[in-house]
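The structure appears right after this line, and notes come after that.
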Amino acid sequence: MSTYEISEDEDTFEEALNSNQYISESSIMISSDDNSMDASNLKDSDSSDCEVNHPNVNLKKTRSAVIKRLFPFSTNKNNLKNDVNNGNVQKVAHMNPPKHVDDIKNAASVSKPFIPVEKTPGVNKMIGGVLVNMPVEPYGCQLALMSKVITAIKTSQNCLLESPTGTGKTLALLCSTLAWQRSEKNRIGQIQVESYFSDYPELKKMEGAANYIATPSKVSPEKKFERPVFGEKSIYDKPETNEVNSIGYGSKRQEPLREDSQDSPDSSLVTIHAKRQRLNSSEIGECSKSSPSVTPVISTPEKETNTGNPETPQHVRSLYSLVESLQLRTSMIVDCSVPTIYYGARTHKQIQQVIKEFKKTAYCGEAAMSILSSREYSCIREFDRSQWGNKNDMCRGCIKVKNSGDKSKGETNCAYYNNRTALNHRTLPPAFDLEDLVNAGVEKTACPYYAAKHMASNAHIVFCPYNYLIEPSIRSSMQIELENNIVIIDEAHNIEDICRDAASITFSRDDILAAIVELEKVSAHRYSNNDALFYIDQLLKTLKSWDYWFANHLQLLADKPVVNNEVVHTWQAEHFVQTLDNHSIGQKQFAGFQTSADTFCQRLRDDHRTLPGVTQATGTLVESILMGLGYLFRSSGKYLDDFTPALVKTVAMNSSYGAKHWRRSQYAQNVEKEKLELRLMCMNPAVIFEDLKVARCVVLASGTLTPLISLYSELATEFPLKVSPGHVIPKDRVWVGSLGSCSRGRELQCRSNDTSQPAVQDALADAILLVCRVTPNGVLCFVPSYKVMDSLVKRWTETGIWNELDQLKHVFTESRNVRDHNDVMDDYYKYAATTKGAILFAVFRGKVSEGMDFKDHQARAVVTIGIPYPNTYDMAVKAKLMYNDKYTKERGLLPRSDWLLVQAYRALNQAVGRCVRHRADWGAVLLIDARFRQPCYTKHLSGWVRNLLGNNHHTFNSLVNSPNSLESFMQYMKISESEKA
Ligand code: SF4
């Protein structure tokens, strides 16, 4: 039964009503049983009886108020109540449509707008005044998540959601946001209808018109109202002229609206629609706690409707025409007003999973979607390496409008670009991932990159990697507008680092020299670049000054020690700015540089041919310098202190992580060439996060946000709503324990200095051998850093332990290199499925520990060694600690010890979360370090890990041969699995 239960709680109920949450009559039953009321705000709706024609509302205290509000046009409450109780309201509207003009005339009393809830599979829940449809009965933790998300959206507050993998977090996020969006559409539609009914009283003659206007429907008015026939002739014998009708109204954020825009009487709205300019909240009666009683009506332009004699077919036709026009108008107004949902995940693989979940929802098909990606992923034109440096350069070179032929057609050299509109919401399935999009592009010879970008401007929900939402330059190039929209950042546990990275820049002297060579070549072609000469010369001058700057500061590194393969000199930001001033690249010259750089970058984007030989790398370099200095000089140096500039000579650097990675030294590996770099490191993630505050609400979600304390101060943002439900996996399927002593009874401490001790390394070997002996299939073992991993491998190889391990499991180590990493992972997954199984040694904060899935046999045990505090010798970490020390009191930042602790436990919790990925999964977590015996070291573990750990602390001997040992858990699970099989 599709039902809405209204809470006994007056506040909740009032809030739903005041916010104009539309409640369908069709699904309302007014109960006479006062005791049937449930006071909870989270209500079950028994979906098994989901019948549109069986309304159900339970009322206790406010029946008359409800009737009045829900049925404002009713004059006979008793009759209405009887109709509703008998389930007749829907039948009145749909089973007895007007058959002729008299029916239309006599139907004047049915002027109340109502929106039917179509029967959808799944389970309906009333959560926070919004009806949410879930594909399956939700877990308790999903209800808790959805409640918070809906409250966040309704009250425009930010929200933190921590929910372990396997708890259905993604589905809960999608269903709650899309349900709210649907309810908001209905609410705005209803307001529109009310205004039309006062502007066009003759609409009251059409039964069901209100519903049709308010609810975008794929049913044509002909079918909706049934087909009145006058004699031999149908009123629809007149040919249809409105193309939109034949397309259907289900996708009003779509291209057809543009196609019609020339002739449509609503062309002004079409323009608004295309630009996605939303109406002011005051115009649509914003649904928020701050203005609960505002229900203004959108004004509609005067429209002359010559309805003529109501007894004539012309009159009927005229009315239907009016209804169609108003529905189109309503649909566009709704689309312009309802916030877009931006759903950001870490990788495209994760987005693919999210879209899989989206497909399961009842909102798929109703909510238009798009997926944003880079050209690297979605360009389908053959890449000519001999001609282009990368796909961006190729694209920019190819999509210039041809000089030959008909310019008005905008033909370019890329046939896929010319045909890009062939990919749209009508030609694509209701849900598609990047692979589907690219395949469809190939099939239709249409560019997926530009098609997706265009579709995003009209979509209800846009999926993208989360850095598209966070990094200002990508946001701008992808035309992502966050203002008043809903932003979800999934896997947001590294949000602080991501924001810091987004504002940090790094460039080398080599980059500067390469750019100088390119620009000098362009400058030499003076005959063809007259108009470009000025800004090219300006840029050249600036870049040469940067080269001098590098040369003049090299001596600062002369006496510095080499730490982590780097020699570093850092400045205070104001002193650094002075060095720039001394080289004529400081604040005084910044405005001129900005103009040249902007013009250059624009030219590179728009007319690449006028800058022959200039690569994207030069464009990126100029943009980087512009962004970095822009932050330093912005708002009279407001952010100056938030940056730590460093000159770095590196003889070893990371090649598997991006050049901007904030914690690069952890991943450092040997490369041959020495490099001299400037790093402008942002210490304050709030610099970037501030831009996100224009959103209606920001939801940060992850399996691991704990500890939460740093998020508020680091992001300088309030998160009034937070929820951290437990795991859904039965307790007997997960074992969590700690190991605090080695085989000889000695305490096993795993601080950074300890792990290099041979005795500790041997004790760790004993423990890991034991785990491998008792655990079937896959085992993951996380170590603090590559350095420690290398040291362990060296020791174990020398002592023969490595061979022993190899007898028990296939042994793998995480690769620093991306290409090798994929090969290693393929092999690990393959061998973990075998009887012998496999063990993978990986590092905290590495690729394996964050975002990778190890379900079922892929990880039956996760072993962690130590507590992964950041490396305080790392230059960036050192600078961050000094920054926090400086602003602990002034800005409420965490003291250094707390900040280190937060970083350590977030990484630890992430690694632990690799195990046990869904409800039917099972596995064990072994935390190796004697410190976990003390509560102060366990209180920052994720809630579910902490609860399961309890006092399950072990010695080496008690890991086997004790009642709650790892061995007994594994035996129990093996038996229960074989019984199940
Ligand atoms: S328009 Fe599309 S297909 Fe053509 S080069 Fe650009 S990204 Fe590639």
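Ser337 meets each of the listed conditions (1) away from the ligand (no atom under 12 Å from the Cβ); (2) surrounded by 15 or more Cβ atoms within 10 Å (Cβ to Cβ); (3) modelled with pLDDT of 90 or more apart from (3).
Just checking, does the range 569-581 include any residue being more than 23 Å from Leu881 (Cα to Cα), open to solvent by 60 Å² or more (accessible area, probe 1.4 Å), among the polar types (S, T, N, Q) and in contact with a helix residue (DSSP H, G or I) (Cβ under 8 Å, 6 or more places away or on another chain)? Scanning the range 569-581 turns up no residue that is more than 23 Å from Leu881 (Cα to Cα), open to solvent by 60 Å² or more (accessible area, probe 1.4 Å), among the polar types (S, T, N, Q) and in contact with a helix residue (DSSP H, G or I) (Cβ under 8 Å, 6 or more places away or on another chain).
Counting residues in the range 365-380 that are touching a strand residue (DSSP E or B) at 6+ places or on another chain (Cβ under 6 Å), within 16 Å of the ligand (Cβ to nearest atom), assigned by TED's automatic domain parsing to the domain that holds Lys453 and in a loop (DSSP other than H, G, I, E, B) gives one or more.
Scanning the range 425-457 for residues that are outside any helix (DSSP H, G or I), surrounded by fewer than 19 Cβ atoms within 10 Å (Cβ to Cβ) and more than 10 Å from the ligand (Cβ to nearest atom) turns up Arg426, Thr427, Pro429, Pro430, Ser457.
Quick grid of which residues meet (1) open to solvent by less than 10 Å² (accessible area, probe 1.4 Å); (2) in contact with a Gly (Cβ under 7 Å, 6 or more places away or on another chain); (3) more than 21 Å from Arg733 (Cα to Cα):
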residue: Ile865; (1), (2), (3): yes, no, yes
residue: Pro868; (1), (2), (3): yes, no, yes
residue: Thr888; (1), (2), (3): no, no, yes
residue: Trp899; (1), (2), (3): yes, no, yes
residue: Ala911; (1), (2), (3): yes, no, no
residue: Cys915; (1), (2), (3): yes, yes, no
residue: Asp921; (1), (2), (3): yes, yes, no
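Which members of the range 797-826 meet the condition of being within 32 Å of the chain's Cα centre (by Cα) and open to solvent by 60 Å² or more (accessible area, probe 1.4 Å)? Write out each step before concluding.
From the range 797-826, those within 32 Å of the chain's Cα centre (by Cα) are 813-826; that's our starting set.
Selection gives Val818, Arg819, Asp820, Asn822, Asp823, Asp826.
Determine if the range 959-978 includes at least one residue that is in contact (Cβ under 8 Å) with a residue 12 or more places away in the chain, farther than 26 Å from Ala832 by Cβ and open to solvent by 50 Å² or more (accessible area, probe 1.4 Å). No, the conditions are met nowhere in the range 959-978. Against the conditions (1) surrounded by 16 or more Cβ atoms within 10 Å (Cβ to Cβ); (2) within 14 Å of the ligand (Cβ to nearest atom), Asp384 satisfies every one except (1). Restricting attention to the range 582-623, the residues that are open to solvent by 20 Å² or more (accessible area, probe 1.4 Å), closer than 20 Å to Ile512 by Cα and hydroxyl-bearing (Ser, Thr, Tyr) add up to 5. The residue that is modelled with the lowest pLDDT, among those in the range 808-846 that are hydrophobic (A, V, I, L, M, F, W, C) and part of a helix (DSSP H, G or I), is Val818. Counting only residues that are in a helix (DSSP H, G or I) and either open to solvent by 50 Å² or more (accessible area, probe 1.4 Å) or not assigned by TED's automatic domain parsing to the domain that holds Gly923 (or both), the range 734-758 holds 2 of them. Candidates are the residues of the range 403-418 that are away from the ligand (no atom under 12 Å from the Cβ) and open to solvent by 70 Å² or more (accessible area, probe 1.4 Å); the one that is modelled with the highest pLDDT is Glu411.
Contact annotation: residue pairs with Cβ atoms under 6 Å, 6 or more positions apart or on different chains, pairing a residue in the range 313-328 that is more than 12 Å from Tyr196 (Cβ to Cβ) with a partner that is surrounded by fewer than 22 Cβ atoms within 10 Å (Cβ to Cβ) and of a type in the set (Phe, Trp, Tyr), are Pro313/Phe230.
The values are calculated or read from the model by the stated rules, or taken from the named source; none is laboratory data. Because the structure is a prediction, the values reported are computed rather than measured. Note: ideal-geometry Cβ built from the backbone for every residue, glycine included; neighbour counts use all protein chains shown. Ligands, DNA and RNA are excluded from the accessible area calculation, which covers all protein heavy atoms including side chains. Shrake-Rupley method; radii C 1.70, N 1.55, O 1.52, S 1.80 Å.
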